[in-house]
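Any read-out appearing in this document is the output of simple, stated calculations on the displayed coordinates, not a laboratory observation. Being a predicted model, the structure only gives us computed values, none of them experimental. Neighbour counts are summed over all protein chains in view; Cβ atoms, including those assigned to glycine, are modelled from backbone coordinates with ideal geometry.
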Amino acid sequence: MRETKQKNARKRKAGRRHPLATVALIVIGLGLTGGAYATFNATGSSADATTSSASDVTAGKQLFQANCASCHGIEAQGTDAAPSLIGVGAAAVDFQVGTGRMPMAMSGPQAEQKPAQFSQKETDQLAAYVASLGPGPSIPLRDVTDGNGDAAKGAELFRVNCAMCHNVAGAGGALTEGKYAPPLTGVTGKHIYEAMVTGPQNMPVFNDRNITPEGKRDIITYLQFIQANPSPGGFELGSLGPVAEGLFIWIFGLGSIVALTVWITAKSN
Amino acid sequence: MAQDDNGGTEITPAASSAVDHRPGDAGTAVIVQDAVENPGFPPHRARITDKDPRKQRRAERTIYTLFYLSIVGSIWAIAAYIAFPIESGKISDLRISTLAIGLGMTLALLAIGFGAVHWAKALMVDKEGIDIRHPVQGTDETRERAVEIFQEADAESGFGRRTLIRNSLIGALVAFPLPAIVLFRGLGPMNEDPVKLLSHTMWKKGMRLTRDPSGTPIRASDVTLGSVFHVIPEGLNDKEDALDQKAKAAVLLMRLEPKDLHPSPDRKSWAYDGIVAYSKICTHVGCPVALYEQQTHHLLCPCHQSQFDITHEARVIFGPANRPLPQLPIEVDADGYLVAQSDFHEPVGPSFWERH
């Protein structure tokens with residue numbers, strides 16, 4: 001800056017300052033600041049993990065029209081059977097197709113998780129196509145899904161925002177009319193992150209203004225922590241709480257008491 | 001043992017099964033002729049341990065082996081305590097230690113139990129006998145003597161004669177528990193009307209809606225379509241009775257398409273552009289209702305499966321709750337943050353005496 005000023009000063013001395021010099025300087029300054037800001041932002045969570053090329057979009061469109069268009073419409077505009085996919089973003093596609101929920105095997109209360117029907121490459125192509133239709137959440141970067149955050153903070157956020165449906169240990173739970181919150185054990189950090197951002201099916205959306213990317217990272221950390229560490233209380237019995245524990249004690253606890261009573265009172269032969 | 005003046009007789013059943021064993025002594029008032037003949041006891045059957053000395057020795061071996069096993073279990077539990085230290089503080093170590101100690105102690109106790117029962121069943125004398133139930137009433141002499149004792153005591157102490165002393169003693173005994181009642185009253189809320197406490201929450205006009213647990217304020221633009229925010233009032237975390245206040249003031253914030261909402265005329269201004277706020281405390285027994293389905297807009301209570309329809313002012317569509325969830329009127333302040341218009345217009349949570 002000082003150099004420029006000195007240069008300007010010299011120019012002024014020389015009396016040969018171009019009338020547009022100030023404008024040019026402002027434009028250069030703004031450009032630099034904006035560029036630097038964009039670069040910093042790009043390292044954040046909002047950037048796409050995979051760079052999608054035009055050929056990916058074309059391949060994705062073909063895959064879409066062959067496999068998805070019968071329900072979602074030829075231009076992904078939605079039909080009576082399925083919602084529009086314009087603006088759902090790459091994250092929604094990566095979650096729904098990557099966990100095998102889409103394409104659905106049959107219509108029902110809820111799309112169920114099953115073996116993924118497409119390879120990760122095909123999923124990425126589909127995601128690139130859907131992302132090209134309108135702006136939406138992109139696939140999260142590895143640094144927010146790797147589970148290297150604060151498990152204690154994640155546990156608090158999980159208890160407030162997630163535990164009422166997914167169970168405090170992430171074992172899942174029932175919802176209304178055949179719907180359910182799936183168990184979160186064995187789900188990759190990427191898919192958990194994508195589910196939070198996109199709100200698949202009846203799950204509400206937890207956008208970055210509600211739970212920050214760092215908070216989401218902490219939640220993933222917590223879920224990975226409880227899966228990696230055994231429960232101090234012994235057998236979890238599916239972590240389902242009173243139902244599983246009650247069933248166990250009624251059948252095995254009471255059963256053994258009945259068996260012992262029969263043995264004690266039976267006559268010895 | 002209670003003194004038994006009536007004398008207990010032990011009757012050994014006869015081998016024949018057709019004998020009526022009911023005795024006609026003082027305890028039995030009326031002997032009815034039973035329509036069904038008492039089949040009596042089955043004939044006595046000797047145990048194999050009584051017949052075969054080898055089996056008897058085998059049972060003996062089993063029993064003392066069980067008792068020795070119990071000793072092994074006790075030593076095991078001590079050894080496990082030493083062998084599996086928990087000083088590392090790791091959950092897995094704690095779990096192994098608890099499991100090993102528990103197995104040892106289980107073996108120790110169960111083996112004693114099984115051994116004792118097996119001893120009684122297989123080796124102890126196998127003689128069937130009946131102890132006839134004794135009449136509860138004492139003999140006439142005992143009863144008369146008891147009355148005499150009371151009369152003597154009354155005469156000697158003057159309890160019935162000196163009425164002033166007697167009445168003052170009764171008064172003293174009645175007064176003695178009174179301090180306890182007054183002291184226990186001190187545990188309850190003082191100088192506060194519980195009805196008023198239950199009817200109001202800390203929400204008031206202009207108070208910002210903030211995120212649970214961080215307490216950061218929420219802009220209307222943060223709440224995108226399909227979002228759900230778990231909300232606490234601004235400044236709740238600084239309160240001394242934060243948990244008590246949270247139990248009443250917790251709120252669930254959702255954004256729906258404005259066309260999906262069907263508010264009654266007087267509640268039209270309670271929402272902001274499809275953003276609605278409802279009490280999170282179930283009107284049934286006060287569980288946190290937070291299982292929100294973003295497509296059906298149903299809110300499910302996990303405790304007793306009450307369902308509330310957010311599109312129709314959280315009316316009850318299923319389950320035991322009998323009132324809709326109270327709605328918190330909200331608006332947006334000059335800085336774009338969501339604020340409450342007022343407190344809830346009705347008490348939140350389950351019924352109490354003054355509210356049905």
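The aspartates and glutamates within cross-link reach of B:Lys127, meaning a Cα-to-Cα straight distance under 14 Å and a gap of 8 or more places when in the same chain, are B:Glu10, B:Asp50. Here the peptides B:49-60, A:147-158 are ranked by packing, the mean other Cβ count within 10 Å, and the order with the highest first is A:147-158, B:49-60. Over 20 Å apart: what share of the alpha carbon pairs of region B:48-123 falls there, rounded to a whole percent? Looking at region B:48-123, the distances longer than 20 Å represent 46 percent of pairs. Taking amide H atoms as placed 1.01 Å from N in the peptide plane, the amide H of A:Asp150 lies under 5 Å from those of A:Asp218, each 5 or more residues away in sequence or on another chain. Modelled spin-label separation between B:Arg219 and B:Glu354, with each label point placed 7 Å from Cα along the Cα-to-Cβ direction: 4.3 nm.
The mean number of Cβ atoms from other chains found within 10 Å of a Cβ in peptide A:204-213 is 6, as a whole number. Residue by residue along B:119-130, Cβ atoms of other protein chains within 10 Å of the local Cβ number 1 on average.
Residue by residue along A:161-167, Cβ atoms of other protein chains within 10 Å of the local Cβ number 4 on average.
In terms of the mean number of neighbouring beta-carbon atoms within 10 Å, the peptides A:70-78, A:124-132, B:235-243 order highest first as A:124-132, A:70-78, B:235-243. Note on A:Ala66 and B:Leu94: their simple-model spin labels are 5.4 nm apart, each label 7 Å out from Cα toward Cβ.
Between A:Leu247 and A:Gln120, the simple spin-label model (points 7 angstrom out along Cα→Cβ) gives 3.6 nm. Round to the nearest 0.05 the FRET efficiency obtained for B:Asp238 and A:Met106 when R0 = 45 Å and r is the Cβ-Cβ distance. Efficiency at R0 = 45 Å is approximately 0.30.
Couplings 3J(HN,Hα) of region A:124-136, computed from phi: 4, 5, 4, 4, 4, 5, 5, 5, 6, 7, x, x, x Hz, in residue order, whole Hz [Karplus 6.51 cos²θ - 1.76 cosθ + 1.60, θ = phi - 60°; x for Gly and Pro].
Using bins of 10 Å that start at zero, the share of Cα-Cα pairs per bin across region B:141-183 amounts to 25, 29, 26, 16, 4, in whole %. Computed over neighbours whose Cβ is under 12 Å from that of B:His230, the net charge equals +2, Lys and Arg +1, Asp and Glu -1. Could you pull out the pairs from B:Lys205/B:Lys259; A:Lys179/B:Lys280; B:Lys239/B:Lys280; B:Lys248/B:Lys268; A:Lys61/A:Lys153 whose alpha carbons sit more than 30 Å apart here? The pairs that break the limit, which is 30 Å between Cα atoms, are A:Lys61/A:Lys153.
Which of the three applies to region A:54-133, rounded, prolate or oblate, going by the alpha-carbon gyration tensor with a ≥ b ≥ c and a/c under 1.5 meaning rounded? In terms of gyration-tensor shape, oblate. Highest GNM mean-square fluctuation among B:Asp333, B:Asp154, B:Asp266, for chain B modelled with Cα contacts below 10 Å: B:Asp266. On the beta carbon distance between B:Ala46 and B:Leu110, with R0 = 35 Å, the FRET formula returns roughly 0.75. Shape class of the protein assembly as shown from the Cα gyration tensor (axes a ≥ b ≥ c, square roots of the eigenvalues): prolate, since a/c reaches 1.5 or more and a/b is larger than b/c. Size estimate for region B:198-340 follows the Kirkwood approach: the inverse of mean 1/r over distinct Cα pairs works out to 15.1 Å. The amide H of B:Leu291, built 1.01 Å from its N in the peptide plane, has B:Leu300 as neighbours under 5 Å, considering only residues 5 or more places off or on other chains. Which helices pass in chain B if a helix is a full DSSP H run, must span at least 20 angstrom along its long axis by Cα, and must have mean Kyte-Doolittle hydropathy not below 1.0? Within chain B the helices that satisfy the rule are B:91-122. When each of the peptides B:285-297, A:237-249, B:81-93, A:56-68 is scored by how many other beta carbons lie within 10 Å of its residues on average, the order from highest to lowest is B:285-297, A:56-68, A:237-249, B:81-93.
What the Cβ-Cβ distance of A:Arg209 and B:Asn322 gives, at R0 = 45 Å and to the nearest 0.05, is a FRET efficiency of 0.80.
Placing unit charges on each Cβ (+1 for Lys and Arg, -1 for Asp and Glu) gives chain B a dipole about its Cα centre, and among B:Gly336, B:Pro177, B:Val72 the Cα reaching farthest toward its positive end belongs to B:Val72.
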